Amino acid sequence: MPDSVRISPTEPVYALRRIPIRECGEPLVNYLELCPLLIHDQPVFDYHRETLLRKGVAERLCQAAEHLPKGIRLAILEGWRGLHIQRRMYRRSWEWWQQRHPEWSETTLKRVVNRLTAPPNHPRVPPPHLTGGALDVGLVREDGTPLDLVSPYERLDPRSFVSDAPLLDDEARANRELLRKTLEAVGITNYPSEYWHFSYGDQGWAYRGQHPAAIYGPIEPPNWRPDPRDDIEAPVRRIDR
């Protein structure tokens, strides 16, 4: 990617589709088995989550986890995600925004939804989680208590989603910076429209780092089959706490 390319924090699909994928063949591994320092974060949506990432990503997470301040751990919400779940998440996001903004045109709605939830069936831009190179991650204490990454916003306030959200208080901003710097030090980079979403090796990583190609394309675990209870058409359901 030439140096003159303007990098957009929304990483639009039309820009990502220009980035070739040169699949390196790296396998998926169970990141909790490979790195005991990692914590499996509490689920947000009601479906079975796999604990899988590409081997190179999991190894980098291990390195990052070793360099966090004492008493702070990386909590992985999700890594690899099946296409059936991605379709359901996209439908939920579409309906959520459509209900709140019935005045939006379909073009506006699509632009907003695509910024926050990857389209599941684009022929040249696979959803990042489907590549095994993307993960949703936060910071927690040893007992699993999450560090504050959003105050003074509510957790689900869309204004808090962008990594450099205005009005963040000092603690939340410092925690986001700690998370970003810790992962960037091992080559895992942040998607600026979602403070919790990071990746290595996928098209988003290639785009924001101006790499000539992605090294991870879509992948499935060998002999994997989705849980039939999750392989349905209904939007994913948020877990109430």
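Odds and ends about this structure:
- The residue list P152, P146 contains one member that is surrounded by 15 or more Cβ atoms within 10 Å (Cβ to Cβ) and more than 23 Å from S8 (Cβ to Cβ), which is P146.
- For the residues K70, K55, the requirement of being under 28 Å from P228 (Cα atoms) and without any contact (Cβ under 8 Å) to a residue 40 or more places away in the chain singles out K55.
- Any chance F198 is surrounded by 18 or more Cβ atoms within 10 Å (Cβ to Cβ) and free of Cβ contacts under 8 Å to residues at least 60 places away in the same chain: no
- Near pairs, Cβ below 8 angstrom, 6+ apart or cross-chain, from the range 106-125 (without any contact (Cβ under 8 Å) to a residue 12 or more places away in the chain) to any residue that is in a loop (DSSP other than H, G, I, E, B): T108/H101
- In the range 205-241, the residue that is modelled with the lowest pLDDT out of those that are assigned to a loop (DSSP other than H, G, I, E, B) and of a type in the set (A, V, I, L, M) is I239.
- Some residue of the range 70-90 being of a type outside the set (A, V, I, L, M), closer than 19 Å to T131 by Cβ and touching a Ser or Thr at 6+ places or on another chain (Cβ under 6 Å): yes
- Within the range 94-153, being at pLDDT 95 or above, assigned to a helix (DSSP H, G or I) and under 22 Å from G79 (Cβ atoms) holds for P128, H129, L130, T131.
- Scanning the range 58-115 for residues that are closer than 21 Å to Y200 by Cβ, under 21 Å from the mean Cα position of the chain (by Cα) and charged (D, E, K, R) turns up E59, R60, R73, E78, R81, R115.
- In the range 178-194, residue surrounded by the most Cβ atoms within 10 Å (Cβ to Cβ) [restricted to those that are within 17 Å of P128 (Cβ to Cβ) and of a type in the set (A, V, I, L, M, F, W, C)]: I188
Matching residues to (1) touching a strand residue (DSSP E or B) at 6+ places or on another chain (Cβ under 8 Å); (2) of a type outside the set (V, I, T); (3) closer than 26 Å to E220 by Cβ:
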| position | (1), (2), (3) |
| --- | --- |
| W104 | no, yes, no |
| L116 | no, yes, yes |
| P128 | yes, yes, yes |
| D136 | yes, yes, yes |
| T145 | no, no, no |
| V150 | no, no, no |
| L168 | no, yes, no |
| E171 | no, yes, no |
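Conditions tested, residue by residue: (1) over 22 Å from A58 (Cα atoms); (2) under 17 Å from the mean Cα position of the chain (by Cα).
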{"residue": "D136", "(1), (2)": "no, yes"}
{"residue": "L139", "(1), (2)": "no, yes"}
{"residue": "S160", "(1), (2)": "yes, yes"}
{"residue": "D169", "(1), (2)": "yes, no"}
{"residue": "L183", "(1), (2)": "no, yes"}
{"residue": "Y191", "(1), (2)": "no, yes"}
{"residue": "E194", "(1), (2)": "no, yes"}
{"residue": "F198", "(1), (2)": "no, yes"}
{"residue": "A206", "(1), (2)": "no, yes"}
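- Those residues of the range 156-182 which are at pLDDT below 95 and part of a helix (DSSP H, G or I), in sequence order: P158, R159
- Only residues that are surrounded by 12 or more Cβ atoms within 10 Å (Cβ to Cβ) and more than 19 Å from S8 (Cα to Cα) were counted in the range 87-113, giving 14.
- Counting only strands (runs of 3 or more DSSP E) that sit completely within the range 1-88, those holding 1 or more residues that are of a type in the set (S, T, N, Q) and within 21 Å of Y216 (Cβ to Cβ) correspond to 28-30.
The values are calculated or read from the model by the stated rules, or taken from the named source; none is laboratory data. All values derive from a computational prediction rather than experimental measurement. In this analysis, Cβ positions are derived from the backbone assuming ideal geometry, glycine residues included, and neighbour counts consider all displayed protein chains.
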